Amino acid sequence: ESIGLFVIHGKGADLARERIVRVGRCIKATIHDEPVSDRNEQFTADIDLFGLSRPYEHFAAVGDDIRREYQHVPDKAFVEGRLKFLQTFLKRPVIYQTGYFYQKCERQAQCNLSRAAREFKAKLATM
(Lines give C-alpha, C1' and ligand atoms only; values in the text may rest on other atoms or scores of the structure.)
Protein backbone atom coordinates (compact mmCIF):
# COMPACT_ATOMS: atom_id res chain seq x y z
CA GLU A 1 0.00 0.00 0.00
CA SER A 2 2.80 2.43 0.87
CA ILE A 3 4.54 1.81 -2.43
CA GLY A 4 1.34 2.52 -4.36
CA LEU A 5 0.75 5.72 -2.42
CA PHE A 6 4.29 6.85 -3.03
CA VAL A 7 4.02 6.19 -6.77
CA ILE A 8 0.74 8.12 -7.03
CA HIS A 9 1.97 11.08 -4.99
CA GLY A 10 5.47 10.98 -6.46
CA LYS A 11 4.01 11.31 -9.95
CA GLY A 12 1.69 14.05 -8.69
CA ALA A 13 4.70 15.90 -7.31
CA ASP A 14 6.55 15.49 -10.61
CA LEU A 15 9.32 13.36 -9.15
CA ALA A 16 11.60 11.75 -11.70
CA ARG A 17 10.66 8.17 -12.61
CA GLU A 18 14.10 6.97 -11.48
CA ARG A 19 13.56 8.47 -8.02
CA ILE A 20 10.09 6.93 -7.75
CA VAL A 21 11.52 3.50 -8.60
CA ARG A 22 14.44 3.90 -6.18
CA VAL A 23 12.29 5.02 -3.27
CA GLY A 24 9.70 2.36 -4.09
CA ARG A 25 12.44 -0.27 -3.74
CA CYS A 26 13.43 1.15 -0.37
CA ILE A 27 9.83 0.95 0.81
CA LYS A 28 9.60 -2.64 -0.45
CA ALA A 29 12.74 -3.49 1.54
CA THR A 30 10.73 -2.86 4.73
CA ILE A 31 8.61 -5.93 3.96
CA HIS A 32 11.70 -7.94 5.02
CA ASP A 33 10.80 -10.93 2.88
CA GLU A 34 14.25 -11.24 1.29
CA PRO A 35 17.73 -9.73 1.63
CA VAL A 36 18.44 -6.75 -0.59
CA SER A 37 21.74 -5.82 -2.22
CA ASP A 38 21.38 -2.06 -2.73
CA ARG A 39 22.97 -0.09 0.13
CA ASN A 40 20.08 2.40 0.34
CA GLU A 41 17.58 -0.45 0.53
CA GLN A 42 19.68 -2.21 3.17
CA PHE A 43 19.85 0.93 5.28
CA THR A 44 16.10 1.47 4.94
CA ALA A 45 15.39 -2.12 5.98
CA ASP A 46 17.78 -1.87 8.92
CA ILE A 47 16.36 1.40 10.23
CA ASP A 48 12.90 -0.13 9.98
CA LEU A 49 14.10 -2.95 12.27
CA PHE A 50 15.86 -0.66 14.74
CA GLY A 51 13.09 -1.18 17.30
CA LEU A 52 14.06 -4.82 17.64
CA SER A 53 17.26 -3.68 19.32
CA ARG A 54 15.78 -1.33 21.91
CA PRO A 55 15.98 -2.26 25.61
CA TYR A 56 13.67 -5.20 26.27
CA GLU A 57 11.12 -3.14 28.19
CA HIS A 58 10.62 -0.91 25.15
CA PHE A 59 10.62 -3.89 22.79
CA ALA A 60 7.95 -5.60 24.93
CA ALA A 61 5.87 -2.41 25.14
CA VAL A 62 5.80 -2.22 21.34
CA GLY A 63 4.64 -5.85 21.38
CA ASP A 64 1.82 -4.84 23.72
CA ASP A 65 0.86 -2.06 21.29
CA ILE A 66 0.78 -4.60 18.46
CA ARG A 67 -1.49 -6.84 20.53
CA ARG A 68 -3.90 -3.94 21.09
CA GLU A 69 -3.88 -3.23 17.36
CA TYR A 70 -4.82 -6.86 16.73
CA GLN A 71 -7.27 -7.21 19.61
CA HIS A 72 -9.82 -8.64 17.17
CA VAL A 73 -7.57 -11.71 16.69
CA PRO A 74 -8.16 -14.56 19.17
CA ASP A 75 -5.37 -14.99 21.73
CA LYS A 76 -4.08 -18.33 20.49
CA ALA A 77 -3.98 -17.22 16.85
CA PHE A 78 -2.19 -14.02 17.83
CA VAL A 79 0.42 -15.86 19.90
CA GLU A 80 1.01 -18.36 17.09
CA GLY A 81 1.38 -15.57 14.53
CA ARG A 82 3.67 -13.51 16.71
CA LEU A 83 5.85 -16.53 17.45
CA LYS A 84 6.11 -17.27 13.74
CA PHE A 85 7.14 -13.66 13.09
CA LEU A 86 9.84 -13.82 15.78
CA GLN A 87 11.15 -17.15 14.53
CA THR A 88 11.40 -15.83 10.98
CA PHE A 89 14.00 -13.31 12.13
CA LEU A 90 15.74 -15.76 14.45
CA LYS A 91 16.28 -18.19 11.55
CA ARG A 92 18.19 -15.62 9.54
CA PRO A 93 21.99 -15.69 9.65
CA VAL A 94 21.84 -11.98 10.58
CA ILE A 95 19.02 -9.51 11.16
CA TYR A 96 20.79 -6.34 10.06
CA GLN A 97 22.24 -6.07 6.56
CA THR A 98 24.60 -3.13 7.02
CA GLY A 99 27.77 -3.26 9.06
CA TYR A 100 26.69 -0.16 10.96
CA PHE A 101 23.43 -1.60 12.26
CA TYR A 102 24.88 -5.07 12.67
CA GLN A 103 27.55 -3.70 15.04
CA LYS A 104 25.13 -1.41 16.85
CA CYS A 105 22.00 -3.56 17.07
CA GLU A 106 22.41 -7.25 16.24
CA ARG A 107 23.22 -8.63 19.69
CA GLN A 108 20.38 -6.87 21.49
CA ALA A 109 17.88 -7.68 18.75
CA GLN A 110 18.83 -11.37 18.90
CA CYS A 111 18.41 -11.34 22.69
CA ASN A 112 15.04 -9.58 22.48
CA LEU A 113 13.69 -11.89 19.79
CA SER A 114 14.89 -15.00 21.63
CA ARG A 115 13.41 -13.88 24.93
CA ALA A 116 10.08 -12.95 23.37
CA ALA A 117 9.97 -16.27 21.47
CA ARG A 118 10.53 -18.17 24.75
CA GLU A 119 7.74 -16.19 26.41
CA PHE A 120 5.32 -16.84 23.54
CA LYS A 121 6.19 -20.56 23.51
CA ALA A 122 5.48 -20.74 27.25
CA LYS A 123 2.21 -18.85 26.78
CA LEU A 124 1.21 -21.14 23.92
CA ALA A 125 1.88 -24.21 26.07
CA THR A 126 -0.74 -23.02 28.58
CA MET A 127 -3.47 -22.36 25.99
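Assorted remarks:
- Positive minus negative residues near I8 (Lys, Arg vs Asp, Glu; Cβ under 15 Å): +1
- Placing a label point 7 Å from the Cα of R19 along the Cα-to-Cβ direction, no residue of region 25-42 has its backbone N under 11 Å from that point.
- Electrostatic dipole magnitude of the chain [Cβ: Lys, Arg +1; Asp, Glu -1; Cα centre; debye, to 20]: 280 debye
- Full extension of the chain segment joining N40 with H58 gains 3.8 nm, where the gain is 0.36 nm per residue of separation less the Cα-Cα distance.
- Global form of region 1-42, assessed from the alpha-carbon gyration tensor, a/c cut-off 1.5: oblate
- Net charge, L83 excluded, C-beta distance under 11 Å - Lys, Arg +1, Asp, Glu -1: +4
- Per residue, the chain exposes 68 Å² of accessible surface when a 1.4 Å probe is rolled over the protein heavy atoms with every protein chain present.
- Relative contact order computed over the chain (Cα-Cα under 8 Å; 6+ residues apart), in percent: 24 percent
- Relative to the longest principal axis of the Cα atoms of the chain, the long axis of helix 75-90 makes an angle of roughly 60 degrees.
- A viscosity of 1.567 mPa s and a temperature of 4 °C, combined with the Kirkwood radius over Cα pairs in Stokes-Einstein, give a translational diffusion coefficient for the chain of 80 µm²/s.
- Measuring r between the beta carbons of A77 and E106 and using R0 = 30 Å, the FRET efficiency lands at 0.50.
- Principal-axis tilt of helix 17-29 within the chain, Cα atoms, nearest 10 degrees: 10 degrees
- Carbon + sulfur, % of accessible area of the chain - ligands and nucleic acids excluded, 1.4 Å: 54 percent
- Under a model in which nothing but the beta-carbon of Lys, Arg (+1) and Asp, Glu (-1) is charged, region 36-99 shows a dipole of about 240 debye around its Cα centre.
The values are calculated or read from the model by the stated rules, or taken from the named source; none is laboratory data. Note that the structure is predicted; figures quoted are calculated from it, not measured. Positions of Cβ are backbone-derived with ideal geometry, glycine not excepted, and every protein chain shown enters the neighbour counts. Please note that ligands, DNA and RNA were not included when accessible areas were found on the heavy atoms of the full protein model with its side chains. Shrake-Rupley method; radii C 1.70, N 1.55, O 1.52, S 1.80 Å.
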